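In what follows, a structure is listed as structure tokens, so that the remarks can point back to it.
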Amino acid sequence: MSDLISLSIDEARRRLDAREISSLELTEAFLARIEATQGKLNTFISTTPEMARAQAEEADRRIASGDAGPLCGIPVGVKDIILARGTRTTAASAILKSYEAPYDATVVARMRAAGAVLVGKLNCDEFAMGSSNENSAYGLTRNPWDTDRVPGGSSGGSAAAVAARQCIVSLGTDTGGSIRQPAAFCGVTGLKPTYGRVSRYGVIAFASSLDQVGPIGRSVRDAAHLLRTIAGHDRLDSTSVDNPVPDYCSALTGDVRGLRVALPREYFADGLDDDVRRAVQAAAQQLQSLGATLEDVSLPHTEYAIATYYLIATAEASSNLARYDGTRYGVRLGNDSGLLGMYRKTRAGGFGPEVKRRIMLGTHALSAGYYDAYYAKAQKVRTLIRRDFNSVFANYDLILAPTTPTPAFKIGEKTDDPLQMYLTDIFTISANLAGLPGLALPCGSSADGLPIGFQLIGKPFDEETVLRAGDAYQRDTDWHTRLPQ
Amino acid sequence: MTDFEAVIGLEVHAELLTASKIFCGCSAKFGAAPNENTCPLCIGMPGVLPVLNRQVVEFGIKTGLAIHCEIQQRSRWSRKNYFYPDLPKGYQITQYDLPICLGGHVDIRLEGEDQDRSIPLTRIHMEEDTGKNIHDAHTDASLVDYNRCGVPLLEIVSEPDLRSSAEAGAYLRKLRAILQYLQVCDGNMEEGSFRCDANISIRPQGATELGTKAEIKNLNSFRSVERAIDYEIERQTKAIRAGESIVQETRLWDTDREVTRSMRSKESAHDYRYFSEPDLLPLDVSADWIERVKGELPELPDERSARFVSEYELPAYDAEVLTARKDVADYFEAAVGIHRNPKAVSNWVMGEVLRIVNDRKLDQELVIEAWPVSAQQLAGLIALIDDGTISGKIAKSVFEDLLDNDKSPASVVEEKGLSQVSDSAELESIVDGVLAGQDDKIAEYRAGKEKMLGFFVGQIMKKTQGKANPKLVNEILRKRLQSN
Amino acid sequence: MPITRDDVRHVALLARLEITENEEQELAAQLDQIIAYVEVLEKLDTEDVEPTSYITPMETPFREDVVSTTPDTERWLANAPATDGRHFRVPKIIE
Ligand SMILES: [Mg+2]
Ligand SMILES: [Zn+2]
């Protein structure tokens, strides 16, 4: 059984297609694993064993009829900010405590069509706002490598579940690093695709111009399989781009010869943990030994990224979260307090402190008299940050950088200081502001035995190169195969 | 008169006649059961995203071209943020800093004036309509229906350049006529598909600075708009004369009491926090698209009215009335095409035909399909007058017989024996009969009392049940009264 | 610009959040700290810089004007805190 939960998608595929195992057996193995570990890790907000078994049986029929694609019969977990019809979808918020998704997100519909098996809805920071998964109304999630530590956020449940082998792959969302940072903290591989590559339809919005759904797996190859399934134009999302979807797996040639890799100086500056610096530099050298070239470059506006991000993301969030007002769905409080009272009590009681803080900040940034100084200013700086990347990508194929300044921190360590928490996203946020694909993957271990990650940032819609380099690295290293105790 | 002048700007919200809503595939039709025309998108469920209906943009371009705006080749969408139960997302998707149309004008002419006045426009933008809150007087709750939520709107904003309720009324009627010509809006004020908010301020005659304005809402008929403007001008003038200052505020028109009253809700501390809508990309309209729409524009009321004056030699007033509605103008031209007596047809259309149209409220339809009398019947009827078969008076009664059927006027005249008596001998004997024994009245006439002539004509008509040829009667009568 | 407790009260009303005295104080301090941090942007001259409002260089796509949803009112009302079976019900709106 521990053998079944350790399979990669390709291995599982081969054994399913050879009828050595059934999808139902595979699914039962994961359901048992969830059962055994959920209490300790709290990775799931809800599990969907019945739906999973029904889907597994259906997948087995498809496999028998020879109609099985790569994901058919594969157990997956989905971040609870993504709607799946027939599941409760909470966005980790009390305000959506008993919200039944009335329709499928496009990514879920595509996974269903591919025959994937949905084992449950994964914990995250409330409305994807956080970097530690401590902001969930359904309890914090623990890091499988050290349960006193955070798994990262906001897709902490998605990363931790893959690390703990509760599902083979999972979906997360990444607005400022929410896939890559927890992937780094949990020692797994996560990709934030180019903005517009994956449909946002049915994904509960945090910051619309930054949000992107992406895959998390134990290897680049697993992530590539899931990306292939979910990517592509969706006429229900006006910001999704109508570019052809390449076969990401066949892009994984192992060949990185001649790839020009840039190392941004600003990402290796003071404040970077020594273990992290050493591991990331070693990863860069590994790619060099495989035939890539390395050069130092500058992304001069890096120091402005967090400020820019927190103004834009919170402004959009303040508007996106206005719909949670106790009228049409979700929790209602203060029904006897008049309309204004009902609004204010519902939102005060339904949202957690971090969400309220960001709504306040975003409302302030957009309000009369402040718009130009904050929101409009941040949009202009966003342009400068994008230009930095454009000029680097004029001469390079990839940017290589640490994913996080430190390995996973302790639970409670930063909860009293929102700004310190925001600063942990320093290396991931720029890719969101510029809309670029970013892949986080493990490359080392700290003195405490915690995973360390690095990231590869690519040109728009060039997920293939990003994945190819990451896969080449993983072919030559074994960090991604290590498992938490 | 007053030494103040009124400064009035109108914001018109016109619901567009699309089949579906602006950002989702729900029906945009009026009158469905509550919340029937809804889906996750127009209820503002978590995770939904808007996709723009092409027809809305087409209608925006069409309207902009018809009222001489500059169509913007790049415009964009913004969010207007506020909380209200009829606004499911907590923001309205609208256009703010870059609307689809800028500038433009609507030309109006007041009754009795011999010149047009051109009312300048600020802009036209597209946006989504809100749902409907239903206030139940008997409970402590309100109900919300999202059928209307997401129905596409054009907001047409005039410059504050109107000076009176009469100008405002003329502007609105003209604008509505144009939208109806274009078939982009049915113009129904009662059903709320053509709505108007009025910004009203006053200032000393001759001043150039604007006074503090009040925004008046809930104006759901032309009459409300005009009455509310008059009321507001008077209220503000009185206040200023009394040394009070005007508060910038939103006021509601109370249709029953015919007053405006302040909306003093503490919830209306507005700061809309507009920002560009990240779920929709910029809206690009190609020059080709604009050209195509321009080529497809129908003849509009002003052009048509000018043509009616030159082609049919109608008085400007007639031309204006006839072209105020496209279907009326079409009807007129159909009748003239059959019987070319434009002025007579115009008189009949403006008189009998429009009277019945108004009585039956047929003018609430975007296009009148069921005319009470067809253009062919009307033309036939006027032909009978013109060839002397019947008198105008008889024609009015024949007209009644033609209502809601397809009989020919000639057959009605024949059936009822209404042909005019034009036989001189017969008429002479009738005239003689009437004059017999009326010597004192004849004497009065001869003494100069002209109007006795009318008395005799009346008697003759009575005797012939109106069928006597009036021209002939007059001739014979004058001859008889003069001789002796 | 520093954030005062008055600012916090005003913004909390705009955002329809009821806040306690304690939260008001705490939020004022936290937002003030964050705002002080983001004002680092003031260092940059952005006079001639175009704002980034959209990340993808596309124009917005269209859908054709056809009715494509089917009425399912009951399903859309199913998550509502209060209804009369056909409408969403809210505390009385006073205009
Ligand atoms: Mg409007
Ligand atoms: Zn809809």
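Which residues, counting only those in the range A:251-272, are within 23 Å of the chain's Cα centre (by Cα) and open to solvent by 40 Å² or more (accessible area, probe 1.4 Å)?
Passing the criteria: none in range.
Consider residue A:137 carefully, then state whether it is assigned by TED's automatic domain parsing to the domain that holds residue A:423, part of a loop (DSSP other than H, G, I, E, B), within 18 Å of residue A:84 (Cβ to Cβ) and open to solvent by 10 Å² or more (accessible area, probe 1.4 Å). Let's see the steps before the verdict.
Working: assigned by TED's automatic domain parsing to the domain that holds residue A:423: yes; part of a loop (DSSP other than H, G, I, E, B): yes; within 18 Å of residue A:84 (Cβ to Cβ): no; open to solvent by 10 Å² or more (accessible area, probe 1.4 Å): yes.
Judged against the criteria, residue A:137 is not a match.
When only residues in the range A:287-306 that are open to solvent by less than 50 Å² (accessible area, probe 1.4 Å) and part of a helix (DSSP H, G or I) count, which is nearest to the other protein chains (Cβ to nearest Cβ)?
Residues of the range A:287-306 open to solvent by less than 50 Å² (accessible area, probe 1.4 Å): A:287, A:290-292, A:294, A:297-299, A:301-302, A:304-306.
In the following step, the residues that additionally are part of a helix (DSSP H, G or I) were identified as A:287, A:302, A:304-306.
Numbers: A:287: 28, A:302: 12, A:304: 6, A:305: 11, A:306: 8 Å.
Restricting to residues being open to solvent by less than 50 Å² (accessible area, probe 1.4 Å) and part of a helix (DSSP H, G or I), the top hit is A:304.
Let's see how each residue does on (1) touching a residue at least 40 places away in the same chain (Cβ under 8 Å); (2) within 14 Å of chain B (Cβ to nearest Cβ):
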{"site": "A:308", "(1), (2)": "yes, no"}
{"site": "A:321", "(1), (2)": "yes, yes"}
{"site": "A:324", "(1), (2)": "yes, yes"}
{"site": "A:367", "(1), (2)": "no, yes"}
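Output the residue which, of all residues in the range B:192-247 that are more than 12 Å from residue B:6 (Cα to Cα) and of a type in the set (Phe, Trp, Tyr), is modelled with the highest pLDDT.
So, considering only residues that are more than 12 Å from residue B:6 (Cα to Cα) and of a type in the set (Phe, Trp, Tyr), the one modelled with the highest pLDDT is B:194.
Every residue in the range B:1-58 that is under 30 Å from residue B:164 (Cα atoms), buried (at least 23 other Cβ atoms within 10 Å of the Cβ) and away from ligand 1 (no atom under 16 Å from the Cβ), please.
Answer for the range B:1-58, where residues must be under 30 Å from residue B:164 (Cα atoms), buried (at least 23 other Cβ atoms within 10 Å of the Cβ) and away from ligand 1 (no atom under 16 Å from the Cβ): B:6, B:8.
Which condition number does residue C:51 fail, the rest of (1) buried (at least 16 other Cβ atoms within 10 Å of the Cβ); (2) within 14 Å of chain B (Cβ to nearest Cβ); (3) assigned to a helix (DSSP H, G or I) being met?
For residue C:51, the exception is condition (3).
Can you name every residue in the range A:315-338 that is assigned to a helix (DSSP H, G or I) and surrounded by fewer than 24 Cβ atoms within 10 Å (Cβ to Cβ)? Quick ask: steps written out before the conclusion?
Keep residues of the range A:315-338 that are assigned to a helix (DSSP H, G or I), which gives A:315-323, A:338.
Selection gives A:323, A:338.
Under 6 Å between Cβ atoms, which residue pairs at least 6 apart in sequence (or on different chains) link something in the range B:92-109 that is under 25 Å from residue B:270 (Cβ atoms) and within 14 Å of chain C (Cβ to nearest Cβ) with a partner that is more than 15 Å from ligand 1 (Cβ to nearest atom) and among the charged types (D, E, K, R)?
B:98/B:76
Do we have any residue at all in the range C:36-44 that's at the interface with another protein chain (Cβ under 8 Å from one of its Cβ atoms) and part of a loop (DSSP other than H, G, I, E, B)?
Checking the range C:36-44: at least one residue is at the interface with another protein chain (Cβ under 8 Å from one of its Cβ atoms) and part of a loop (DSSP other than H, G, I, E, B).
Which of (1) more than 29 Å from residue A:228 (Cα to Cα); (2) surrounded by fewer than 22 Cβ atoms within 10 Å (Cβ to Cβ); (3) in contact (Cβ under 8 Å) with a residue 40 or more places away in the chain; (4) within 22 Å of the chain's Cα centre (by Cα) is the odd one out, the single condition residue A:386 does not satisfy?
Of everything listed in (1) more than 29 Å from residue A:228 (Cα to Cα); (2) surrounded by fewer than 22 Cβ atoms within 10 Å (Cβ to Cβ); (3) in contact (Cβ under 8 Å) with a residue 40 or more places away in the chain; (4) within 22 Å of the chain's Cα centre (by Cα), residue A:386 misses just condition (1).
Can you name the residue in the range B:143-174 that is away from chain C (no Cβ under 14 Å) and within 16 Å of ligand 1 (Cβ to nearest atom) and, of all such residues, is surrounded by the most Cβ atoms within 10 Å (Cβ to Cβ)? Lay out the reasoning, then the answer.
The initial filter retains those residues of the range B:143-174 that are away from chain C (no Cβ under 14 Å), namely B:153-174.
Those still in the list that are within 16 Å of ligand 1 (Cβ to nearest atom) too: B:153-158.
Numbers: B:153: 25, B:154: 24, B:155: 18, B:156: 27, B:157: 19, B:158: 25.
Among residues in the range B:143-174 that are away from chain C (no Cβ under 14 Å) and within 16 Å of ligand 1 (Cβ to nearest atom), the one surrounded by the most Cβ atoms within 10 Å (Cβ to Cβ) is B:156.
Considering only strands (runs of 3 or more DSSP E) fully contained in the range B:206-269, which possess at least 2 residues that are under 22 Å from the mean Cα position of the chain (by Cα)? Lay out the reasoning, then the answer.
On the way: elements: B:214-219, B:249-254, B:259-262.
Passing ranges, in order: B:214-219.
Name the residues in the range B:91-132 that are part of a loop (DSSP other than H, G, I, E, B), open to solvent by less than 50 Å² (accessible area, probe 1.4 Å) and within 16 Å of ligand 1 (Cβ to nearest atom), would you?
B:95, B:99, B:100, B:129, B:130, B:131
When only residues in the range C:54-95 that are buried (at least 16 other Cβ atoms within 10 Å of the Cβ) and of a type in the set (S, T, N, Q) count, which is farthest from the other protein chains (Cβ to nearest Cβ)?
Among those residues, the one meeting the criterion is C:83.
The values are calculated or read from the model by the stated rules, or taken from the named source; none is laboratory data. In this text, all values refer to a predicted model and were calculated from it rather than measured experimentally. Cβ coordinates were reconstructed from backbone atoms using ideal geometry, including for glycine residues, and neighbour counts include every protein chain displayed. Just the protein is used for accessible areas: all its heavy atoms, side chains included, with ligands, DNA and RNA removed. Shrake-Rupley method; radii C 1.70, N 1.55, O 1.52, S 1.80 Å.
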